[in-house]
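For reference, the structure discussed in these notes is given below.
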Amino acid sequence: MSHGTRRPPTPVGLSDLRSTDEAALPPPTVDAGAGRGVPAWLAATLNHCSRCGAALRLGMVPGEDRERLACDACGFVAYVNPRLVVTCLPVTDAGDVMLLRRGIEPGRGLWAQPGGFMEIDETVEAGAVRETLEETGLLVEPGHIVGLYTRPEAAIVVIAFEARIVGGAATLTPEALEVRPFAPEAIPWPEIAFRTSEWALRDWVHRVRPDLELRGR
Ligand SMILES: [Zn+2]
């Protein structure tokens with residue numbers, strides 16, 4: 001894809017990712033920031049070499065096909081990669097999805113699924129279970145992957161599992177001002193905190209209630 005190409009965000013479901021025919025894949029989930037290098041807010045935190053403390057410089061390095069942040073003093077290359085945000089769509093026995101009204105920024109007061117950054121020493125599933133428990137008090141068992149969603153400008157990839165609620169009880173925390181179920185036809189679309197949450201919920205609704213027509217925003 002050439003620099004500057006803007007494509008509408010198109011969530012990619014797991015079934016698509018498993019396709020062996022690359023030409024059949026839909027466009028990736030790009031948004032503002034795709035193909036634009038390290039986001040400025042992130043670059044601002046990467047001034048010095050973590051190995052020797054000298055200044056990092058952006059430029060070409062041998063063997064690489066794009067500019068990298070590298071240290072002239074010791075040769076260290078500071079690779080900058082996205083972080084994974086692990087999330088769940090906890091589904092009740094009645095088929096409703098449990099969402100939380102966020103108590104902290106970003107998106108304070110708006111609705112989202114539970115989730116957060118994956119820790120370095122856990123699996124994707126364990127991270128999703130941990131975050132869901134921490135934020136909502138619900139113990140879940142992750143099932144299939146609803147989708148993977150890329151936000152280059154935020155340097156994140158969000159994975160959303162559909163999850164069965166197997167224990168716990170909805171609990172309010174500083175991170176969750178409210179925790180409640182929503183039927184697929186009653187999701188508060190204008191009050192969803194993040195585009196990645198909206199994309200995941202749309203993919204989920206499309207699968208569980210294909211008869212519902214969702215209007216674009
Ligand atoms: Zn260095």
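Structure values in brief
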| item | result |
| --- | --- |
| The range 119-192 pair-distance distribution - Cα-Cα, 10 Å bins, rounded % | 16, 42, 38, 4 |
| The range 177-207 versus the range 114-157: alpha-carbon centroid distance in Å | 16 |
| Where the Cα pairs of the range 79-217 fall when distances are cut into 5 Å bins, in % | 2, 11, 22, 25, 23, 12, 5, 1, 0, 0 |
| Listed peptides 85-91, 96-102, 69-75, 166-172 by packing density, highest first (mean Cβ within 10 Å) | 85-91, 96-102, 69-75, 166-172 |
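Throughout, read-outs are computed from the coordinates displayed, never taken from laboratory work. This is a predicted model, so every value here is computed, not measured. Please note: Cβ atoms are built from the backbone with ideal geometry, for glycine as well, and neighbour counts cover all protein chains shown.
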